[in-house]
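See structure below.
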Amino acid sequence: MGKRHPLILLTAAFGYAILYVPIFIMMIYSFNASRLVTVWGGWSTRWYGELFQNGQIGDAAWVSLVVAFGAAVVGTVFGTLIGYALARIGRFRGRLLLSGMATAPIVMPEVVTGLSLLLLFISMENLIGWPAGRGLTTVIIAHGTFCMAYVAVIIQGRLSDFDTSIEEAAMDLGARQPWIFFQVTLPVIMPAIIAGWLLSFTLSFDDLVIASFVNGPGSSTLPMVIFSKVRLGLTPEINALATIMVAVVAVGVIGANLLARRQVKTQKRLQKS
Amino acid sequence: MANTEASGGQSAFLSIRNICKEFSGVRAVNDVDLDIQQGEFFCLLGGSGSGKSTLLRMIAGLEKPSSGTIRIDGQDITETPAWSRPVNMMFQSYALFPHMSVEKNIGYGLRQDKWEKAEAEARVSELLELVQMKEYGKRKPHQLSGGQRQRVALARALARKPKVLLLDEPLSALDKKLREDTQRQLVAIQKEIGTTFIMVTHDQEEAMSIATRIGVMDNAKLIQVDTPRELYEKPANRMIAGFVGQVNIFEGQVSGSGKNQTIQSKDTGNALEVLGEHDLADGQTVWVAVRPERLLIKTRAKGRAAAAPNKAAGRVTDIMYLGNITHFEITLKSGKHVRLTISEHWDEEEATVRLGDRVEISFEKRAAVLLTR
């Protein structure tokens with residue numbers, strides 16, 4: 001690699017600063033001893049302590065974890081199936097449209113997704129009596145739908161460079177579908193599935209808008225609680241909470257990336273020699 | 001090497017009749033008939049797109065023939081799905097299961113066939129021994145070298161004791177040195193277990209050195225099926241003559257008929273003579289193929305034309321000395337380039353040929369092959 005132009009480095013530094021300086025400042029202020037959010041009063045972990053004693057936030061955190069876990073499971077199972085189907089369905093007219101439609105929730109405004117899901121849940125309740133009211137179930141289903149889209153994209157991408165001859169080899173050695181899928185395909189794409197799960201977990205954990213539409217009593221997620229608290233004025237507690245959330249999300253995203261990269265490396269090594 | 005002759009009909013172990021395969025209107029395999037005997041090491045030779053891999057995949061059951069039948073050991077398997085055919089395949093990419101150890105890979109087929117655990121284990125270790133991979137049973141494919149993976153793939157394909165083993169360019173991913181060693185191992189293993197092997201390759205040297213018989217495919221058709229020696233010495237057409245080894249082809253025009261029939265060549269400026277009786281028409285264009293090592297060379301004085309059948313005059317335009325053999329390129333008076341090879345124990349006169357010398361080349365009748373296509 002040749003020498004980099006200083007302007008490129010400057011641009012990169014500027015870009016990253018815009019992205020991360022606010023988060024960094026927030027993290028520092030979460031260790032602020034002062035009650036006033038904008039005035040520095042020395043280092044302290046006091047707000048973390050208070051945070052853990054706050055029952056409302058604790059409940060919301062639990063709800064968020066349950067929702068994120070459930071949505072990630074739902075999204076991963078269905079997303080994997082869609083991704084597999086899209087990768088293997090072969091070429092036909094309207095294939096592009098179909099795969100575009102599967103991934104539309106990624107670009108759909110969240111307000112639209114949230115509102116349409118709310119309407120769906122209400123009409124379903126009127127028609128078949130399920131889901132009864134809004135609550136954990138509806139939030140999980142709603143989050144599951146958009147997680148599904150992300151997982152489908154990841155799985156489809158993974159399968160596009162998948163050596164299908166290993167499936168043929170399994171068939172040649174006496175295996176039939178669906179055993180080939182479970183014994184060969186699934187284990188090979190597992191890292192991509194786990195990456196999809198982690199990403200889903202993170203996305204669900206973050207979501208405010210869709211959850212606001214479809215939640216019910218007792219199913220307020222963490223972002224919702226934070227948002228309602230912030231409207232009443234900033235407290236250093238929120239900084240501490242946000243810092244923890246950043247940590248959780250970062251672990252999820254980094255984990256997903258590492259898994260994806262490890263898989264690519266193994267694949268390359270196999271192909272190279 | 002056994003000189004197994006094709007004896008068509010019911011006695012063949014693997015018998016393919018009128019097999020066709022169309023991919024969206026394009027014939028990938030066009031009306032192929034092929035008989036292979038038990039215990040043969042058969043090679044399907046052809047360039048890319050010749051249909052050889054498609055034919056192999058139809059025998060494996062991975063492609064469905066558009067028409068025709070395939071019988072193995074008297075049993076029609078045309079409609080049998082891939083998973084229950086008495087045939088196994090070794091894939092070009094080896095297609096090892098990356099998440100399974102070497103042992104698990106080899107035992108996969110046995111688990112599908114519900115073998116007893118102890119028997120399956122014994123079979124796996126027997127195969128590991130056969131391919132000399134005993135110490136590597138617990139490794140994963142990505143921890144193996146290319147040659148080792150190739151051997152695991154072979155062991156895995158042999159595990160279920162297939163009646164026919166199909167090999168799809170199994171050596172193409174290996175470097176030259178390793179490939180030659182592996183060819184020898186492959187032949188040794190095939191002799192040891194006696195299973196019928198059918199190998200697809202685009203490498204004519206590989207096919208020549210391994211196979212008991214070779215089937216040459218071109219443009220979706222099976223052109224010629226013969227032993228390596230027959231293929232080299234009696235190629236059916238110019239394509240095969242050029243594909244299997246190097247060859248000089250002289251074009252000629254038939255004139256006259258019966259006893260007085262001669263073939264005049266513009267390439268050599270003389271008549272061409274070959275052995276045997278040939279049913280040729282007056283005015284027909286034919287070709288005479290001569291291998292570079294069958295051509296003779298001698299220096300010639302200035303202005304003296306070589307006026308006799310199977311002779312031609314020219315100049316040496318290139319010499320490539322390789323130690324054991326020497327390649328000459330000779331440009332004939334007609335402008336045609338001829339390749340000539342002389343082995344190390346040449347005679348005095350040949351040894352004195354220099355670049356730019358005027359030479360006369362010639363060949364004996366028995367060294368020439370007449371081709372009508």
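A few comments on the model shown:
- For the range B:9-241, the normalised intensity computed at q = 0.08, 0.17 Å⁻¹ comes to -0.29, -1.28 (log10 of I(q)/I(0), Debye sum over alpha carbons, equal scatterers, no solvent).
- Of the three principal axes defined by the Cα atoms of the range A:107-167, the extents in descending order read 49, 26, 18 Å.
- Debye, to nearest 20: dipole size of the range A:60-266, +1 on Lys, Arg Cβ, -1 on Asp, Glu Cβ: 200
- Both radii come from the Cα set of the range B:67-161: Rg as radius of gyration, Rh as Kirkwood radius; their ratio Rg/Rh reads 1.02.
- Karplus-derived 3J(HN,Hα) values for the range B:130-142, using 6.51 cos²θ - 1.76 cosθ + 1.60 with θ = phi - 60°, are 4, 9, 6, 10, 4, 7, 10, x, 8, 6, 9, x, 6 Hz; glycine and proline are entered as x.
- Point-to-point label distance, B:THR341-B:SER84, nm (Cα→Cβ direction, 7 Å offset): 5.1
- Burial of 40 Å² or greater, the range B:100-126 residues [accessible area, probe 1.4 Å, versus chain by itself]: B:TYR108, B:GLN112
- Shown in residue order for the range A:53-61 are the 3J(HN,Hα) couplings computed by the Karplus curve 6.51 cos²θ - 1.76 cosθ + 1.60 at θ = phi - 60°: 8, 7, x, 4, 5, x, 4, 4, 4 Hz (x for Gly and Pro).
- For the pair A:VAL37 and A:ARG262, the difference between a 0.36 nm per residue extended length and the Cα-Cα distance amounts to 76.8 nm.
- Measuring r between the beta carbons of B:LYS104 and B:ALA308 and using R0 = 60 Å, the FRET efficiency lands at 0.30.
- When B and A come together, around 2100 square angstrom of accessible surface is lost from both chains combined, probe 1.4 Å.
- Projecting the Cα atoms of B:LEU127, B:GLN38, B:ILE77 onto the charge dipole of the range B:13-156, computed from C-beta unit charges around the Cα centre, puts B:LEU127 farthest toward the positive end.
- Solvent-accessible area of A:ILE28 with every protein chain in place, 1.4 Å probe, in Å² to the nearest 10: 60
- Surface share of carbon and sulfur [accessible, 1.4 angstrom probe, percent] for chain B: 47
- Near-label residues of the range B:21-46 by backbone N, under 15 Å of a point 7 Å along Cα→Cβ of B:ASP73: B:37-40
- Considering only B:GLY194, B:LEU178, B:ILE319, the residue lying farthest towards the positive end of the dipole of chain B is B:LEU178, judged by Cα position with unit charges set on Cβ.
- Treating each Cα of the range B:246-371 as one equal point scatterer and applying the Debye formula with no solvent, the log10 of I(q)/I(0) at q = 0.17, 0.18 Å⁻¹ comes out as -0.83, -0.92.
- Along the axis of the charge dipole computed for chain A (Cβ charges of +1 for Lys and Arg, -1 for Asp and Glu, origin at the Cα centre), the listed residues A:LEU119, A:SER212, A:SER200 are led at the positive end by A:SER200.
- For B:ASP267, distant residues with modelled amide H under 5 Å away: B:GLU251
- Atom-type composition of the exposed protein surface of the range A:60-266 places 72 percent of the accessible area on carbon and sulfur (1.4 angstrom probe).
- Residues whose amide H comes within less than 5 Å of that of B:VAL29, counting only those at least five positions distant or on another chain, are B:LYS21 (H built at 1.01 Å from N in the peptide plane).
- Straight-line cross-link reach from B:LYS52 at under 28 Å between alpha-carbon atoms covers these lysines, not counting any fewer than eight positions away in the same chain: A:LYS272, B:LYS21, B:LYS64, B:LYS161, B:LYS163, B:LYS176, B:LYS177, B:LYS191, B:LYS221, B:LYS234.
- The range B:246-371 - charge dipole about Cα centre, Lys and Arg +1 at Cβ, Asp and Glu -1, debye rounded to 20: 420
- The range B:122-273: Rg to Rh, with Rh as the Kirkwood radius over Cα pairs: 1.17
- With both labels modelled 7 Å from their Cα along Cα-to-Cβ, the A:VAL112 to A:PHE92 distance reads 2.6 nm.
- Chain B - mean residue ellipticity at 222 nm from DSSP helices (-39,500 (n - 2.57) per run, n ≥ 4, rounded to 500): -7000 deg cm²/dmol
- Net charge, B:THR196 excluded, C-beta distance under 10 Å - Lys, Arg +1, Asp, Glu -1: -1
- Label positions at B:GLN132 and A:THR45, each projected 7 Å from the Cα along the C-beta direction, are separated by 6.2 nm.
- Pairwise centroid distance, computed over Cα atoms, of the range B:54-85 with the range B:254-318, Å: 48
- Heavy-atom accessible area per residue - the protein assembly as shown, 1.4 Å, Å²: 51
- For the pair B:THR352 and B:GLU121 in one chain, pulling the backbone fully straight at 0.36 nm per residue adds 76.6 nm over the alpha carbon distance.
- Residues B:ARG238 and B:ALA281, FRET efficiency given R0 of 30 Å [Cβ-Cβ distance, rounded to 0.05]: 0.95
- A straight line joining the Cα centroids of the range A:71-101 and the range B:171-191 runs 42 Å.
- Whole-Å distance, taken between Cα centres, linking the range A:134-160 and the range A:190-268: 14
The values are calculated or read from the model by the stated rules, or taken from the named source; none is laboratory data. Computed from a predicted structure; not experimentally measured. We place every Cβ from the backbone using ideal geometry, glycine too, and count neighbours over all the protein chains shown. Ligands, DNA and RNA are excluded from the accessible area calculation, which covers all protein heavy atoms including side chains. Shrake-Rupley method; radii C 1.70, N 1.55, O 1.52, S 1.80 Å.
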